[in-house]
1. Give the residues of segment B:324-350 that are of a type in the set (A, V, I, L, M) and either modelled with pLDDT of 90 or more or under 28 Å from B:Asp370 (Cα atoms) (or both), sorted by residue number.
2. For B:Leu28, are the conditions met, namely being free of Cβ contacts under 8 Å to residues at least 24 places away in the same chain, open to solvent by 60 Å² or more (accessible area, probe 1.4 Å) and more than 25 Å from B:Tyr143 (Cα to Cα)?
3. Given A:Val124, A:Val32, A:Val62, A:Val28, which one is in contact with a Leu (Cβ under 8 Å, 6 or more places away or on another chain) and of a type outside the set (Asp, Glu)?
4. Contact list please: Cβ distance under 8 Å, first residue in segment B:291-313 and open to solvent by 70 Å² or more (accessible area, probe 1.4 Å), second residue assigned to a helix (DSSP H, G or I), pairs at least six apart or on different chains.
5. Is there a residue being open to solvent by 40 Å² or more (accessible area, probe 1.4 Å), closer than 22 Å to B:Gln411 by Cα and touching a Phe, Trp or Tyr at 6+ places or on another chain (Cβ under 7 Å) anywhere in segment B:456-474?
6. Which residues, taken from segment B:295-352, are of a type in the set (A, V, I, L, M, F, W, C) and over 27 Å from B:Arg496 (Cα atoms)?
7. Which condition breaks for A:Thr43 when tested against (1) more than 13 Å from every other protein chain (Cβ to nearest Cβ); (2) out of contact with any Leu (no Cβ under 7 Å at 6 or more places or on another chain); (3) open to solvent by 10 Å² or more (accessible area, probe 1.4 Å)?
8. Answer yes or no: is there a residue in segment B:359-376 that is facing another protein chain (nearest Cβ under 7 Å) and at pLDDT 90 or above.
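The values are calculated or read from the model by the stated rules, or taken from the named source; none is laboratory data. The structure displayed is predicted, hence computed values, not measured ones. Here the Cβ positions follow ideal geometry from the backbone for every residue, glycine too, while neighbour counts run over all protein chains shown. The area values use the complete protein model at the heavy-atom level, side chains included, leaving out ligands, DNA and RNA. Shrake-Rupley method; radii C 1.70, N 1.55, O 1.52, S 1.80 Å.
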Amino acid sequence: MTEKTDVQIALVHAGPSVLVVDDEQDFVETLVKRMERRGFKVTGVGSGQEALLLLGKEHFDVVILDVMMPGMDGIETLREIKLAWPKIQVILLSGHGGEEMGIRGMAYGAYAYLLKPVALKTIVETAYIAFEEAGVR
Amino acid sequence: MSGLGLKGLGAKIAITALSFSLVPLIALGVTMYSMFAATYNSKVQTNLATLAENKRQGIDLFLREQIAQLRTLAYSHSVKDLSSPELLESILATMQLSSKTFIDLGLINEEGVHVSYSGPYNLSHANYKNEKWFNEVMLRKVYVSDVFEGFRGFPHMVIAVQKQEKGKVWILRATIDSDIFDSLVRWLQLGDLGDAYLVNRAGDLQTRPRFGNKSRDIYAPLLGTPFSGAKVMQYEADQKEIFVGGIWLEQKEWLLVIEEDKRGELQPLFKTRMATWGVMGGGFVVIILGTLIMTRMIVAQQENAGRQQAQMNEELIQSSKMAALGKLAAGVAHEVNNPLAVIREKAGWMRDLLEEEDVKASPNFQEFVDAVDKIEQHVERAGTVVHRMLGFARRMEPVCNDLYINDVLKQTTTFLENEIRFRNIELIWALNPDLPTIQSDAAQIQQVILNLFNNAIDAIGRNGHITVKTGYEAETDMVSISLRDDGPGMDKEVQRRIFDPFYTTKNVGKGTGLGLSISYSIINKLGGSIRFESEAGKGTEFIILLPVKHHD
């Protein structure tokens with residue numbers, strides 16, 4: 001994995017467009033603001049349904065998806081996304097921390113599985129690399 | 001289960017078993033013996049009665065014979081013949097040819113005067129007119145006297161028969177040798193100490209007993225009115241215990257007394273009693289020994305079962321603690337990690353904002369930066385704790401590789417070399433070079449060993465020894481790893497809780513209290529076991545057993 005610093009990523013012009021899906025509104029809000037500062041085009045939504053609606057209207061390169069959400073959970077959302085837009089890279093984010101969940105997620109085609117609380121640097125790097133690898137493919 | 005409770009159990013079993021086996025034994029012994037004793041006693045008494053009956057018949061027969069002989073003599077000869085001393089002499093001589101029973105023979109007329117006499121004494125002209133026996137024989141025709149000394153001055157008895165000839169009454173009188181009569185009575189005694197003799201109604205001895213000085217008390221209860229058949233009594237006086245049989249003669253009012261030594265007669269009974277005691281004593285010993293052995297076996301087995309039960313319970317409690325912690329961890333992870341993530345992002349956002357120009361100019365800028373740093377640092381710490389806790393909840397399959405435990409141990413200690421050297425701790429290796437390779441998860445074993453090493457180093461502090469030992473147990477096909485430190489050891493309270501989640505002896509912030517509980521669940525998952533031996537003041541040894549092949 002290539003080491004990318006915050007600054008390097010921020011310098012990227014026209015970075016990947018990212019959709020953040022998490023029922024924790026404070027988290028979404030802050031993550032969106034911080035990633036925008038680093039040159040990403042970021043949108044946040046609070047549920048799996050909203051995410052799917054939005055994906056139907058707009059193009060995103062990477063989706064950062066919380067696993068434990070009321071209603072439609074992360075794994076279900078992931079399956080729907082992968083069915084409709086297989087090229088979108090999905091990064092799972094979980095506070096629950098079940099390894100099992102991670103393995104299931106990866107099996108359904110998630111790009112990565114991160115445990116909360118996670119450093120922004122890690123999220124940003126993972127999202128960037130996911131975007132780059134998607135481009136290569 | 002406490003040892004005291006088991007001792008009580010042992011005593012209860014022993015008492016119950018003993019009472020259920022000894023009581024019947026005693027009852028059986030006593031019943032058998034008393035029945036035998038009663039039977040035997042009555043048999044001895046019956047025998048004695050039979051003997052008395054037989055003897056009486058013999059004596060009666062003897063007397064009858066003597067009387068008959070005398071009467072025959074009286075009637076087969078005329079008075080004239082009998083009056084001749086020469087002829088009487090020859091008759092007596094003829095009679096004495098076959099037996100010396102008769103000592104003398106005399107003919108007495110109705111005046112009581114000896115008409116003729118043949119015998120060793122000079123009684124030719126003795127007059128018996130006023131003698132009691134003379135009147136008796138005149139009245140009843142036959143007379144048998146008591147034993148008396150009479151004119152002769154020595155004991156004898158007299159038989160007299162009446163004879164009538166030509167309107168006159170004559171009396172033929174004979175003296176019977178007391179010795180011969182004595183021996184007849186005494187003949188065929190039973191035991192060594194047995195005796196037989198005759199007494200008259202007044203209780204005077206009529207024959208000489210075998211042993212002199214006969215006490216009247218022995219036969220006194222049999223005296224009085226003659227009874228038919230034999231009576232048997234028991235006589236007990238100082239030192240003397242005898243059976244006394246009594247029977248009255250038919251020919252004369254004499255009582256035949258037979259004595260039998262009780263001890264001699266009851267010899268078989270005493271032998272039986274001894275045998276009974278012997279068998280009962282033997283039975284006692286065997287039963288008591290058997291009961292003790294059995295009790296001991298039961299108690300030992302119970303103790304064993306109790307110990308196993310306790311161990312199983314302990315393991316059950318331990319694994320249920322782990323399961324509870326797993327659930328707790330999963331719950332806590334969700335509830336805590338989300339807020340932590342938010343806090344982290346907010347702090348990060350603050351840091352982002354602090355990079356703007358106008359804030360940098362603020363005099364408190366550095367304070368803000370430090371505060372944000374600290375917030376992030378501690379969120380990190382909290383996150384680490386939660387992630388460790390999640391170690392329980394994870395159901396990850398162990399990655400199985402071929403491992404040589406000695407290598408794993410050596411590798412693991414390289415992480416700690418500096419620490420060990422800095423603390424002046426000596427590492428002693430006692431590794432078994434013939435250890436088989438095992439199939440297990442190296443990373444997880446390393447985590448456990450690292451944890452144990454850290455604990456040992458913390459326990460020692462400075463200046464001490466850690467001994468690392470490995471071995472192979474063929475019978476269970478397990479590899480053992482032992483880690484012994486010579487630190488302060490643990491007291492019982494600590495020992496009881498060291499595998500409990502969140503239990504720590506370290507200062508706040510220094511340890512999470514999860515190391516040993518995680519180690520425990522790791523080793524469990526790998527199919528092995530972990531235990532320890534510790535004594536306050538003498539250090540601690542942890543022993544890990546791992547299966548050579550782990551099939552989960």
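1. B:Ala333, B:Val336, B:Leu340, B:Ala341, B:Val342, B:Ile343, B:Ala347, B:Met350
2. Values: free of Cβ contacts under 8 Å to residues at least 24 places away in the same chain: yes; open to solvent by 60 Å² or more (accessible area, probe 1.4 Å): yes; more than 25 Å from B:Tyr143 (Cα to Cα): yes.
So B:Leu28 passes the test.
3. Values: A:Val124 fails: in contact with a Leu (Cβ under 8 Å, 6 or more places away or on another chain); A:Val32 fails: in contact with a Leu (Cβ under 8 Å, 6 or more places away or on another chain); A:Val28 fails: in contact with a Leu (Cβ under 8 Å, 6 or more places away or on another chain).
Within the list A:Val124, A:Val32, A:Val62, A:Val28, the selection yields A:Val62.
4. B:Leu292/B:Ala14; B:Met294/B:Ile13; B:Met294/B:Ala17; B:Arg296/B:Gly10; B:Gln302/B:Leu6; B:Gln302/B:Leu9; B:Glu303/B:Gly3; B:Glu303/B:Leu6
5. no
6. Listed by number, the residues that qualify are B:Met297, B:Ile298, B:Ala333, B:Val336, B:Leu340, B:Ala341, B:Val342, B:Ile343, B:Ala347, B:Trp349, B:Met350.
7. So A:Thr43 meets the others, but not (2).
8. To start, the set of residues in segment B:359-376 that are facing another protein chain (nearest Cβ under 7 Å) comprises none.
Scanning segment B:359-376, I find no residue that is facing another protein chain (nearest Cβ under 7 Å) and at pLDDT 90 or above, so the answer is no.
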